[in-house]
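The values are calculated or read from the model by the stated rules, or taken from the named source; none is laboratory data. As the structure is a prediction and not an experimental result, all values here were calculated from the model. Here the Cβ positions follow ideal geometry from the backbone for every residue, glycine too, while neighbour counts run over all protein chains shown. The accessibility values were calculated without ligands, DNA or RNA, using every heavy atom of the protein model including side chains. Shrake-Rupley method; radii C 1.70, N 1.55, O 1.52, S 1.80 Å.
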Number of protein chains: 2
Amino acid sequence: MSKPTVSPAPESKTEIEEGTVFAPRFDADGLLPVVATSAETGEVLMLAYMNEQALARTIATGEAHYWSRSRRRLWRKGEESGNVQRVVELRTDCDQDAIWLKVETAGTGASCHTGRKSCFYRAVPVGAAPSGGLSLRFVDAERQFDPEAAYRHAGAAKRTLKSSE
Amino acid sequence: MSKPTVSPAPESKTEIEEGTVFAPRFDADGLLPVVATSAETGEVLMLAYMNEQALARTIATGEAHYWSRSRRRLWRKGEESGNVQRVVELRTDCDQDAIWLKVETAGTGASCHTGRKSCFYRAVPVGAAPSGGLSLRFVDAERQFDPEAAYRHAGAAKRTLKSSE
């Protein structure tokens, strides 16, 4: 498994914030939050997590890999839906505990499992104290694919592969 | 303290993903990750966290509030530096466990405590297996203010206020 050879963790705040050594600081669960944006439009597509292996695979292959917290496994984005994310740029933040990916999404161009381009397809009203709960407003919420069909197909294909092994 | 009156948590995945009830799902520490982007340029400015109170204050005031994990307290962004973030739009994601803020930053326009517009001012090389560690490249890293001067000033002002109480 190719992975970035990370130098010993810098010791000072100055080294972490102003240095050129990449020394990602994973949280207690071994994860980093990752923001993926569209390299074309700048739109935030999703927020997900990487463990060390997912980060290493992303860097080595130029395709976004994440750690699925629900499935507890490495997840190559688009492995089922075909909507692979090619990484145009990868950045880290001041204290090296978050990642920003600018990506180009293949296939239908959707990054959300609901079939939408972005996972952030609902706005919350701001500036007024709500009297009885906050109502979400759908924005940029057109589906690019039918998730039921896409994942049913992928599941069927996988089962077919499996049964022919 | 004004806070959004959140309806009982929706029970089904469909309600969470396709409904109009805002029912943010905080993690085990009571936090949500928040991506703030520039409403003007789309650039990712920072990744931070909100607890329920920070989210409520953000929604009620239209100014970004976060939970500072290092200082363990509510943090009105820009309270020391003057670089307040006015929220242009607030969105939640498919499973309602992350927030995207589009903001206009007041003052110097910097959102990073290092004096830069964005916390993401260093890129990690992608696509090549590194032989001896990964070297960060500074990008869009011009400082908008001198952090030492800004926070020293704010600290002094606060001490003055405190001593006159």
How many of the residues making up the stretch B:54-77 are under 16 Å from A:Pro125 (Cα atoms) and out of contact with any Gly (no Cβ under 7 Å at 6 or more places or on another chain)?
11
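Can you say whether A:Thr92 is β-branched (Val, Ile, Thr), at pLDDT 95 or above and open to solvent by 40 Å² or more (accessible area, probe 1.4 Å), as far as the supplied structure shows?
Numbers: β-branched (Val, Ile, Thr): yes; at pLDDT 95 or above: yes; open to solvent by 40 Å² or more (accessible area, probe 1.4 Å): no.
So A:Thr92 fails the test.
Of the residues in the stretch A:117-134, how many are at the interface with another protein chain (Cβ under 7 Å from one of its Cβ atoms) and either within 30 Å of B:Arg116 (Cα to Cα) or of a type in the set (Lys, Arg) (or both)?
In the first step, residues of the stretch A:117-134 are kept if they are at the interface with another protein chain (Cβ under 7 Å from one of its Cβ atoms); the result is A:119-120, A:122-124, A:126-127, A:129-130, A:132-134.
Okay, now just the ones that are also either within 30 Å of B:Arg116 (Cα to Cα) or of a type in the set (Lys, Arg) (or both), so A:119-120, A:122-124, A:126-127.
Result for the stretch A:117-134: 7.
Taking the stretch B:90-111, which residues are polar (S, T, N, Q) and either more than 15 Å from B:Val44 (Cβ to Cβ) or within 8 Å of chain A (Cβ to nearest Cβ) (or both)?
So in the stretch B:90-111, the residues polar (S, T, N, Q) come out as B:92, B:96, B:105, B:108, B:111.
Passing the criteria: B:Thr92, B:Gln96, B:Thr108.
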Considering only residues of the stretch B:53-89 that are of a type in the set (Ser, Thr, Tyr) and at the interface with chain A (Cβ under 8 Å from one of its Cβ atoms), which is surrounded by the fewest Cβ atoms within 10 Å (Cβ to Cβ)?
B:Thr61
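Would you say A:Gly132 is over 30 Å from B:Arg86 (Cα atoms) and either at pLDDT below 95 or not in a strand (DSSP E or B) (or both)? Give the derivation first.
Details: over 30 Å from B:Arg86 (Cα atoms): no; either at pLDDT below 95 or not in a strand (DSSP E or B) (or both): yes.
So A:Gly132 fails the test.
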Considering each residue of the stretch B:96-130, count those that are in contact (Cβ under 8 Å) with a residue 24 or more places away in the chain and over 13 Å from the mean Cα position of the chain (by Cα), and give that number.
9
Criterion: at the interface with another protein chain (Cβ under 10 Å from one of its Cβ atoms), within 30 Å of B:Ala149 (Cβ to Cβ) and at pLDDT 95 or above - qualifying residue of B:Met50, B:Met46
B:Met46
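Looking at the stretch A:90-105, which of its residues are part of a strand (DSSP E or B) and among the charged types (D, E, K, R)? Show your work before the answer.
At the first step, the residues of the stretch A:90-105 found to be part of a strand (DSSP E or B) are A:90-92, A:99-105.
Listed by number, the residues that qualify are A:Arg91, A:Lys102, A:Glu104.
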Please work out if B:Thr114 is at the interface with chain A (Cβ under 8 Å from one of its Cβ atoms), open to solvent by less than 20 Å² (accessible area, probe 1.4 Å) and among the hydroxyl-bearing types (Ser, Thr, Tyr).
yes
